[in-house]
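K.L.:
Dumping the structure here so I can ask a few things about it.
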Amino acid sequence: MTEDIDLPVSSAARVADPDEDITLDELRLAARNHGMPLEALDYDVTPVGLHYLLTHYDIPILDHPSWRLNIAGHVQHPLELDLAALQALPQVTQRVTLECAGNGRAKLLPRPVSQPWLDEAVGTADWTGTPLAPLLRRAGVASSAVDVVFTGADHGIERGIEQDYQRALPLEEVLRDDVLLAYAVNGQPLPPQHGAPVRLIVPGWYGMTQVKWLVRIDVIDTAFTGFQNAHAYRLKQAADDEGVPVTRIEPRALVRPPGFPDFQTRVRIVDRGVHELTGRAWSGHAPVTRVEVSADAGQTWADAVLGPDPEPYAWRAWRWTWEAGEPGRHTLCARATDAAGNVQPVEEPWNVQGMANNVIHRVPVLVR
Ligand SMILES: Nc1nc2c(c(=O)[nH]1)N[C@H]1C(S)=C(S)[C@@H](COP(=O)(O)O)O[C@H]1N2
Ligand SMILES: [Mo]
């Protein structure tokens, strides 16, 4: 359901004025949609309450006994499944790193006004569910199929367009073996905020693809033109550009901030001497093959030691020994490279909605 309504809350994508601070609207979004505290980079698997969270509208509270998933559209045999039926199907668990496409947005200049992420819109979880492809085969996808539309139970308005949260994927992407209908996370039933009772998991793609509170899957024979695909998640230089779709996660490395923080500024205090820096790195394109670290704001780089190969779409641990010498302010940086040759940029890749910005991580520290 998509409808145009003219309300005073409607507005086009906007960038902040050069001297405009974070607004109350952005703060309200940030208070609902929390990030992962960076010290949680210590965990291979992010505890559920520390995983980042992004919800466009309200969290729908679904009654599981009456919940149904409908698979319909251009299929020979439409299916309707309840939770017990889904859970009776073959079960798999995959460790997957999810990241919001808007991660890093708040540091862009000018700043796109939206959920103001710094670096923390990420988390890694063990998602349990059933593969989607066999269900689609059972439904009998028509040969005319082009896209598959996933609809959540949540509803809202975005830039004047009233809608259910919907995202589509090309059929070939949906038929991958590792695309899951997930009903558990880290061994527990999905909590309300992560999409209970069932969500989509598409390893390697940015967060907007991972539709929560799933109620319908429609096979369509045209390219989907809904808001989240055609307008929202696109890289554009101006609000009215057509832009290119946001798809897979660009490589990123994060540093687990060392030492201890100053409460107000989060600047790190570190004693002079030798420190083992650690962190994680991931890419939705290909496995991470290299992480480099700089202790001098990016003037010189050294290779970090990589941890064991993770599951294909989970983050990889890394470590590096840092000799914190000169007392005073320093900037630690990290950058990831993946097996497809993608390297994190040193300059922010700017676009009007602040998406897929994977500029290198910089952590200010004070050596004493
Ligand atoms: N139904 C629905 N699914 C959704 C969203 C939403 O608002 N509604 N947000 C998407 C976005 S933008 C992200 S980044 C991820 C976040 O997943 P998480 O909150 O479980 O971390 O969910 C995606 N799935
Ligand atoms: Mo997102």
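The values are calculated or read from the model by the stated rules, or taken from the named source; none is laboratory data. This one's a predicted model, so the numbers in the text were calculated from it and none came from an experiment. Backbone-built Cβ (ideal geometry, glycine too); neighbour counts: all protein chains shown. Note: accessible area is taken over every heavy atom of the protein model, side chains too, but ligands, DNA and RNA are not part of it. Shrake-Rupley method; radii C 1.70, N 1.55, O 1.52, S 1.80 Å.
K.L.:
When the C-alpha atoms of region 78-213 are aligned to their principal axes, what extent does each axis show, in angstrom, from largest down?
P.N.:
49, 36, 25
K.L.:
Could you state the accessible area per residue of the chain in Å², with a 1.4 Å probe and every protein chain left in place?
P.N.:
44 Å²
K.L.:
Would you mind working out the magnitude of the charge dipole of region 80-145 relative to its Cα centre, with +1 at each Lys and Arg C-beta and -1 at each Asp and Glu C-beta, to the nearest 20 Debye?
P.N.:
Roughly 240 debye, rounded to the nearest 20.
K.L.:
Probe radius 1.4 Å, ligands and nucleic acids left out: which of 56, 361, 155 has the largest accessible area, and how do the rest follow?
P.N.:
155, 56, 361
K.L.:
At residue 241 and residue 89, where each label point lies 7 Å from the Cα along Cα→Cβ, what is the point-to-point distance in nanometres?
P.N.:
Distance between the two pseudo-spin positions: 3.8 nm.
K.L.:
Taking only the alpha carbons of the chain, what extent do you get along each of the three principal axes, in Å, biggest first?
P.N.:
Principal-axis extents of the Cα atoms in the chain, largest first: 69, 47, 36 Å.
K.L.:
Just to be sure I understand the model, the point goes 7 Å from the Cα along the line to the Cβ. What's the resulting residue 348 to residue 267 distance in nm?
P.N.:
2.1 nm
K.L.:
Then there is this: Work out the FRET efficiency for residue 301 and residue 321 from their Cβ-Cβ distance, taking R0 = 25 Å, and round it to the nearest 0.05.
P.N.:
Efficiency, from the Cβ-Cβ distance: 0.95.
K.L.:
Further question on the same structure: Along the Cα→Cβ direction, 7 angstrom out, place labels at residue 146 and residue 276. What is the inter-label distance in nm?
P.N.:
Modelled inter-label distance: 5.4 nm.
K.L.:
With a 1.4 Å probe and all protein chains in place, put 177, 17, 262, 164 in order of accessible area, largest first.
P.N.:
Descending order: 177, 17, 262, 164.
K.L.:
Still on this structure: Mind checking Rg over Rh on region 22-75, alpha carbons, Kirkwood formula for Rh?
P.N.:
Reported Rg/Rh, Kirkwood definition of Rh: 1.15.
K.L.:
Ok, one more. What is the spread of the Cα atoms of region 225-368 along each of their three principal axes, largest first, in whole Å?
P.N.:
Each principal axis gives a Cα extent; for region 225-368 these are 56, 36, 26 Å.
K.L.:
Something else: Net charge within 13 Å of residue 314 by Cβ-Cβ distance, Lys/Arg positive one each and Asp/Glu negative one each, not counting residue 314 itself?
P.N.:
Once all neighbours under 13 Å are counted, the net charge is -3.
K.L.:
Still on this structure, please answer the following. Taking a spot 7 Å from the Cα of residue 12 along the direction of its beta carbon, which residues of region 210-246 have an amide N less than 13 Å from it?
P.N.:
Residues passing the 13 Å test: 237-242.
K.L.:
HN-Hα J couplings of region 62-74 from phi, Karplus 6.51/-1.76/1.60, θ = phi - 60°, integer Hz, Gly and Pro as x?
P.N.:
So the J values, rounded to whole Hz, are 8, 8, 4, x, 9, 5, 9, 10, 9, 10, 8, x, 7.
K.L.:
May I pose another question? Per residue of region 248-265, in order, report the coupling 6.51 cos²θ - 1.76 cosθ + 1.60 (Karplus, θ = phi - 60°) as ³J(HN,Hα) in whole Hz, putting x for Gly and Pro.
P.N.:
Calculated HN-Hα couplings, in order: 8, 5, 6, x, 8, 10, 10, 9, 6, x, x, x, 10, x, 7, 4, 6, 9 Hz.
K.L.:
Let me ask you something else. Using a 1.4 angstrom probe with every protein chain in place, what is the largest-first accessible-area order of 283, 143, 66?
P.N.:
Reading off the accessible areas and sorting them downward yields 143, 66, 283.
K.L.:
I'd like the carbon and sulfur percentage of the solvent accessible area for the chain, probe radius 1.4 Å, heavy atoms only, ligands and nucleic acids excluded.
P.N.:
54 percent
K.L.:
Near the amide H of residue 289, under 5 Å away, which other amide H atoms are found, from residues 5 or more places off or on another chain, if H is placed in the peptide plane?
P.N.:
Those lying under 5 Å, H to H, from residue 289 are 337, 338, 339.
K.L.:
Within 10 Å, at most 10 other Cβ atoms, and a DSSP state outside H, G, I, E, B define an exposed site. Report the longest part of the chain free of exposed GluC sites (Glu not before Pro).
P.N.:
No qualifying site falls inside 1-241, the longest such stretch.
K.L.:
Continuing with the same structure: Between 110, 308, 345, find the one with the highest GNM mean-square fluctuation for the chain; connect C-alpha pairs within less than 10 Å.
P.N.:
308
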